[in-house]
1. Which value in nm describes the separation of the simple spin-label points at residue 137 and residue 304, placed 7 Å from the Cα toward the beta carbon?
2. Taking the highest mean first, how do the peptides 296-307, 223-234, 357-368 order by number of other beta carbon atoms within 10 angstrom per residue?
3. Order these by the 10 Å Cβ neighbour count, fewest first: 205, 372, 450, 295.
4. Which ordering of 284, 147 is given by a fewest-first count of other beta-carbon atoms within 10 Å?
5. With a Förster radius of 25 Å, plug the Cβ-Cβ distance of residue 427 and residue 469 into 1/(1 + (r/R0)^6) and report the FRET value to the nearest 0.05.
6. What FRET efficiency, computed as 1/(1 + (r/R0)^6) with R0 = 25 Å and r the Cβ-Cβ distance, is obtained for residue 377 and residue 353, rounded to the nearest 0.05?
7. Starting from the 7 Å offset along Cα-to-Cβ, what nm value, one decimal, do you get for the label separation of residue 365 and residue 152?
8. Give me 109, 319 sorted ascending by neighbouring Cβ count inside 10 Å, so fewest comes first.
């Protein structure tokens, strides 16, 4: 028999990201406020429509970013030339990029995801003021560690990226991206996906202007091209004050609305506490370390810089789609976090099935496109740096597995399985390092391409098992 005090219906038990918390239609006496419910449903529908539009704009923005990143290296290869020195310069810029984005992903993307999850979960539960103090402290600490590590390893770094000037570009870009990634997490958590897409698109446009300037003769040389890697995050930060100002206005409006409805604003400090947040951030850092190892070990473990540049160009088949997939990942984690917070696991499974279907179709399209057109297009795009087409098709197959693993990873994070997911990524990344060091295939390029694809499938299998693990308390709730 049901409790007579129980509300007549619970319209928000399975809400979408950014929707209102469960049972906001109750007034302080416990009565159902039908007019308030109707108004809330209309507002929630409007907000979900805004999120959908923002997600589409985000996809367009990051799709353009992936293309512009690909073109950055294409234009750079033409600007630097196909001489022996030009190939070495290109290889050193590729190495710098690999080092930088391995560090950024390991140090800064965890805080982006922590901040995104914290804000999205707080908004789903009706908590008007999620704490930003702990993610900010973690990000600042990561930035200090990164700079200290770079200074300690200055000699080996300069040997690998070519010069003192390249070293300071690397350090400067590392610091600028600390703020850039924090801003990304902030706007993603609030569901401002169009702004997120604009942020990274602006970055990519600023970056590609530098190799274009070198190509047309306005500037010249390796430093002139590589300077775009530092200029990009600095340019994107121009929108951060606007984002913070808009966020402050929106949070103030939400607080006023909660006060009118008699809903007590709760603190999200327990969810974003330094200990819990730090544990999540470290786990995501391990995930990013595993991912970046999988993508960059082939380049970083190859001593010949010309060959390293060739491997880097081959794995751009993976890098560009991974940047595109950031649009999906950026929406998935706050979406999944909201669904977990409001009790809708079946919607997570449906979203995963849909994403994997799209990924499989996309990977198949890329494989066919490379086999049919790659022999014509790649020599045009990469002057003297074009890898064989068959190997690129192998990498594209691995890319499909990698993107599938990324989808499963976001669901695992939302369901509280950050550390098992981290272990899966580290196993896959470690396996690729061992593969590269052992070199079972004599040709270094083929060895990297085949090894990447095999390890991506291993990763996909491991994460499918992690995702299948139940959320604590889920089984008990199902039998209650």
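1. Spacing of the two 7 Å Cα→Cβ label points: 5.1 nm.
2. Working: 296-307: 20.0, 223-234: 22.6, 357-368: 15.4.
Top of the packing list down: 223-234, 296-307, 357-368.
3. Working: 205 15, 372 11, 450 18, 295 23.
Listed from fewest to most nearby Cβ atoms, that is 372, 205, 450, 295.
4. 147, 284
5. Working: r = 16 Å, r/R0 = 0.64.
Computed FRET efficiency for residue 427 and residue 469: 0.95.
6. Efficiency at R0 = 25 Å is approximately 0.15.
7. The two pseudo-label positions are separated by 4.6 nm.
8. Values: 109 24, 319 21.
Ordered by Cβ neighbours within 10 Å, fewest first: 319, 109.
FYI, it's all coordinate maths here, none of it is from the lab. A quick note: this is a predicted structure, and the numbers were derived from the prediction, not measured. A quick note on method: Cβ atoms are made from the backbone with ideal geometry, for glycine too, and the neighbour counts reach across all protein chains shown.
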